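What follows is one structure encoded as structure tokens, with my remarks underneath.
Computed from the coordinates by the stated procedures, all read-outs in this text should not be read as laboratory data. All values reported here derive from a predicted model rather than from experimental measurement. Here the Cβ positions follow ideal geometry from the backbone for every residue, glycine too, while neighbour counts run over all protein chains shown.
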Amino acid sequence: MAERTGVATSALRYWEDLGLIGSERTTGNQRRYERATIRRVSFIRAAQRVGLSLDEIGEALARLPESRTPTTADWARLSRSWRGRLDAQIRSIERLRDQLDSCIGCGCLSLGSCALSNPDDALAARGPGAVLLQPEADADR
């Protein structure tokens, strides 16, 4: 499976531990995967690229049929639910692209006013300083 999908064996084992994929064991305790698992592995990789967490991926996979190989319609139904997230990521990347030249030219590296790390000064209400780098302050809010 690792060779066929390009996914590290450690990731496959971890995904199996999480219940995202399954395998059968041989008498020599080697893992054997069904052919349909290739699609699930591809789905997991695509979902990660979209930014889904492994928990979200598990929820999506739970909506797929276990008794048969998922169809194109099954996959399409799931991928449609990602459209909003993808659109938001595209807008964010476009904003980054459009502001990157001025940021590099500016050189301010200011967490308080940087248009990239703090768009529209959204963090001003959280106080001065590097609030993004203070996880204990985040826990208190």
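Could you rank the peptides 88-95, 12-19 by their average count of other C-beta atoms within 10 Å per residue, with the highest value first?
12-19, 88-95
Stick to the Cα atoms of segment 2-81, pair each with every other, and give me the Kirkwood hydrodynamic radius in Å at one decimal.
One over the average 1/r among Cα pairs gives 13.2 Å for segment 2-81.
Using a basic spin-label model with each label point 7 Å from the Cα along Cα→Cβ, how many nm lie between Gln30 and Ala8?
2.3 nm
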